[in-house]
Amino acid sequence: MTDFFVGLHRHSSASKLDGYGLPEQIAERLQELNQPYCGITDHGTLTGLFPLMKAFAARNIRGVPGVEYYHCADMKQRGKEKSSKKDRGSITNEIAHLTILAKNQIGYQNLLKMYARSFEAHYYKPRIDWDCVIQHQEGLIVLTGCVGGMLSRTINRGEDDLAFRWCEYLKEHIENFYVEIIPCPGLVPSHTSCRTLWRIAEELHLPTVFTDDAHFPRPEDHEVEDALICISLGNKKKDTDRKLRIPAYHYHCSGEEILQRAREVLPAVPEVDLIAAARRSVEIAESCDVELPRGRGPLFQVPAGLTALDLLKQWVEEGKEYRRSLDLLPPLDSNEWRHYEDRVAYELDIVRHHAFANYFLLVADIVRWANKNKYWCIARGSCGGSLLCWYLSITQINPIRFKLPVERFIDKSRSDMPDIDLDFDARYRDKCFEYLEEKYGKEHCAQIAALSTFRARQSIKDVCEVYDIPEWVGQSLVRMLPELDNEGGIKDKGQLAALFHQSPGAQQLLNQWPALKIAAELEGQIRVGSVHAAGFLVDQEPLENIVGVEAIPGKPRVIACDMNFAAQQGFLKIDALSVEMMSGVAEILDTLGHDFDWLYRLPLDDAPTYEMLSRGRNMGVFQLKGHSTGKLLLQLQPSHINDLVALAALGRPGPLQS
């Protein structure tokens, strides 16, 4: 039976150290509660929206996109100056919380517009003000916020009249405005604000709605949430002067639980009115229906009268002539040349089948631009098996010479977009992004977010610090871990839990220091957000119409979505990596007076080079540097390019961990 209450104000791990719960964990909890709707309102961010909506949809739960925005009196001001809006009361410009949900597609567009404005007004936090909300209110549902909201704070300062005037003003200017009541029995400020807000709502005939402001899925998760808060603020669990503590009842609760809390906090309110406020959460959720839009990819402009495939074929023919001018192709009348022609026709047919021509033109155009400006750029990865990429100068490897298959890169059975990684001389990589912004328009371009999660080693370190567990305990536990990957964590999340279950030594430490179990719970949760090292998006639609855009002045434009969900939503990702090693090689070439073509024509059978590598002298050799690779070189004694290819492949993290 469906519950008569659903949570419209709920957080996930995307609230970064102020929320616990991965999408699957939250969806599972909602199913247990028989709640078919859920608000997605992480703190100031939309980075959790795509994975949460996907996890909910898999269990027939409708997610309601939203944000718990950071709100201030005037987003144009910085610091704690007094607001200039004297007619609305004189309050400081401190940051408060405000819950906003998208009701429909128009509302989602306005949610995204406000999101972009909030980062443009970033000052410690991305911020909006009431003017911004009123301007973009169409299709939105505005709740007054938690105990940290502006109205609750005003009430707890003893300024009830000012809170009343604000509610009166907002009722007049916001169509879908609700008084949010979050009953917290153990929190005195909640008692004060809830009772006053309820009274104001009655006097102004404003609708009230209960929310649970859930920061973690289940009651037993409170300890993990509290540890996250300690990590965030640099506190220890034992500290008595901690700035923030999350009460134990901020979990995803049932309708009966929210009613019981309301009875304690609002004892004078009739039961029928409490039930109505709980049911209103379902009514609001039922009125919301948003489908997340998909990216359409960039549209490469081709000359009139040509299709993208026509232009691609022209560029391929130009590439053939260029490679032949370097004496890199067999005679035109040879059987070997027919093999080249058959191969490129086969690849072009795959491109035609999947309509990939636009993508290949875009990447080839970047390479052409880079070559024209003498910015060293070369692709790596599975595209090395493509003759098409070689003709377009995207790669510098002849796949037929080295017997490389193209099917690992593209084939007719896979419709996913090709993935070409471009390595750039580190001095010029950002110029590539500038070129794309100039060519396609800045509003159509952005970098991709990267969400760093708790890895095993980091989880152990943080938990030991929070709970004052001796350093030697954490070090002992780390030594018991399986082979660590190159990011200092374990390949698959959940390994710490398995370690505690299987290792007698780990069990002994856990028995002595029970708080270590928190480290296993933290593994896989989001710890911090950053910018992807290489990912760049280009779309024919302004990105602000599709996804949250974070454009803090003076910093890169970033979308609120990681690379996996960017691909799932149909965005076209350009990978342009900044490689310091290439900068050094380019400087050497400049000193010697050689161009990049000279480098590509160097012989691959130079005996002194193999002798040097066989002695383990690999310092500074790209893809072959490092102590472990040096040991492999001593053992392998390479004498042929294929030996180096095998060694580089074996030295990757995957083979090493298998």
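The values are calculated or read from the model by the stated rules, or taken from the named source; none is laboratory data. Not measured: the values here are computed from a predicted model. Positions of Cβ are generated from backbone atoms using ideal geometry, with glycine treated the same way; all protein chains shown enter the neighbour counts. All accessible areas refer to the heavy atoms of the entire protein, side chains included, with ligands and DNA or RNA removed. Shrake-Rupley method; radii C 1.70, N 1.55, O 1.52, S 1.80 Å.
So in the chain, what percent of DSSP beta bridges are antiparallel if you round to the nearest 5? Present the calculation step by step, with values, prior to reporting the outcome.
Working: 30 of 52 bridges.
Counting only bridges with both partners in the chain, antiparallel ones make up about 60 percent.
As an exercise, use a Förster radius of 60 Å and the Cβ-Cβ distance of Ser334 and Ser476 to find the FRET efficiency, rounded to the nearest 0.05.
Details: r = 66 Å, r/R0 = 1.10.
Once rounded, the FRET efficiency stands at 0.35.
For Asn60, project a label point 7 Å along Cα to C-beta. Then give me every residue of segment 274-302 with its amide nitrogen under 12 Å of that point.
So the set is empty, nothing qualifies.
Within the set of other residues whose C-beta is less than 10 Å from the C-beta of Arg62, count the net charge using Lys and Arg as +1 and Asp and Glu as -1. All intermediate terms of the calculation are to be shown ahead of the outcome.
Details: positive: none; negative: Glu286, Asp289.
Charge balance near Arg62 sits at -2.
Got a sec? Which residues in segment 127-160 would a label at Glu94 touch, if it sits 7 Å along Cα→Cβ and we count backbone N under 14 Å?
The answer is 147-159, whose backbone nitrogens lie closer than 14 Å to the label point.
What figure in square angstrom, to the nearest 10, would you give for the accessible area of His353 with a 1.4 Å probe?
Its heavy atoms expose roughly 100 Å² to the probe.
What's the carbon and sulfur percent of segment 108-258's accessible surface, probe 1.4 angstrom, rounded to a whole number?
Numbers: 2840 of 5800 Å².
It is 49 percent, rounded to a whole number.
Considering only protein heavy atoms and a probe of 1.4 Å, how much of the accessible area of segment 280-410 is carbon and sulfur, as a whole percent?
Values: 3210 of 6420 Å².
Answer for segment 280-410 is 50 percent, counting heavy atoms of protein chains only.
Between Ala497 and Asp289, what length in nm is gained on full extension when 0.36 nm per residue of separation is reduced by their alpha carbon distance?
Values: separation 208, 0.36 × 208 = 74.88 nm, distance 3.82 nm.
Computed gain between Ala497 and Asp289 is 71.1 nm.
Residue farthest toward the positive end of the dipole of the chain, with Cβ of Lys/Arg at +1 and Asp/Glu at -1: which of Ala586, Pro330, Ser190?
Ala586
Quick check: with the 1.4 Å probe, what order do Phe300, Phe622 take by accessible area, largest first?
Numbers: Phe300 20, Phe622 85 Å².
Accessible-area ranking of Phe300, Phe622, largest first: Phe622, Phe300.
What is the sum of charges around Phe409, taking Lys and Arg as +1, Asp and Glu as -1, for the other residues whose C-beta is under 10 Å from the C-beta of Phe409?
Values: positive: Arg408, Arg414; negative: Glu347, Glu407, Asp411, Asp419.
Here the charged neighbours net out to -2.
Just report the Cα centroid separation between segment 377-434 and segment 563-638, whole Å.
After rounding, the separation between the Cα centres reads 16 Å.
Rolling a 1.4 Å sphere over the protein heavy atoms, what is the accessible area per residue of the chain, to the nearest Å²?
Counting only protein heavy atoms, the per-residue value for the chain is 46 Å².
How much accessible surface area, in Å² rounded to 10, belongs to the heavy atoms of Leu306 with a 1.4 Å probe?
50 Å²
How big is the gap, in Å, between the Cα center of segment 10-74 and the Cα center of segment 291-362?
43 Å
If the chain between Ala607 and Val531 were fully stretched, how many nm would it gain, using 0.36 nm times the residue separation less the Cα-Cα distance? Write down the numbers at each step before the final one.
Details: separation 76, 0.36 × 76 = 27.36 nm, distance 4.26 nm.
Gain in length upon complete extension: 23.1 nm.
Do any of Lys76/Lys439; Lys517/Lys625; Lys103/Lys237; Lys243/Lys461; Lys313/Lys555; Lys54/Lys431 go past 29 Å between their Cα atoms, and which?
Values: Lys76/Lys439 31 Å; Lys517/Lys625 38 Å; Lys103/Lys237 40 Å; Lys243/Lys461 22 Å; Lys313/Lys555 39 Å; Lys54/Lys431 35 Å.
Pairs exceeding the cut-off: Lys76/Lys439; Lys517/Lys625; Lys103/Lys237; Lys313/Lys555; Lys54/Lys431.
Please enumerate, by chain and number, the lysines with C-alpha under 21 Å from the C-alpha of Lys403, excluding those fewer than 8 residues away in the same chain.
Answer for Lys403, where 21 Å is the Cα cut-off: Lys320, Lys412, listed by chain and number.
So, counting K/R as plus one and D/E as minus one, what does the shell of residues with Cβ under 11 Å around Arg617 add up to? Please list the in-between numbers first.
Numbers: positive: Arg615, Lys625; negative: Glu611.
My count for the surroundings of Arg617 gives +1.
Hydropathy first: keep DSSP H helices in the chain averaging at least -1.0 on Kyte-Doolittle, then drop any whose Cα extent along the axis falls short of 18 Å, and list what survives.
Details: long enough: 105-120 (23 Å, -0.48); 160-173 (20 Å, -0.94); 188-204 (24 Å, -0.24); 271-286 (23 Å, 0.29); 308-325 (26 Å, -1.13); 335-354 (29 Å, -1.45); 357-372 (22 Å, 0.48); 580-592 (19 Å, 0.73).
TM-like helix candidates: 105-120, 160-173, 188-204, 271-286, 357-372, 580-592.
Note the full-extension length gain between Tyr123 and Asp411 as 0.36 nm times their separation in residues minus their Cα-Cα distance, in nm to one decimal.
Numbers: separation 288, 0.36 × 288 = 103.68 nm, distance 4.81 nm.
Roughly 98.9 nm would be gained on extension.
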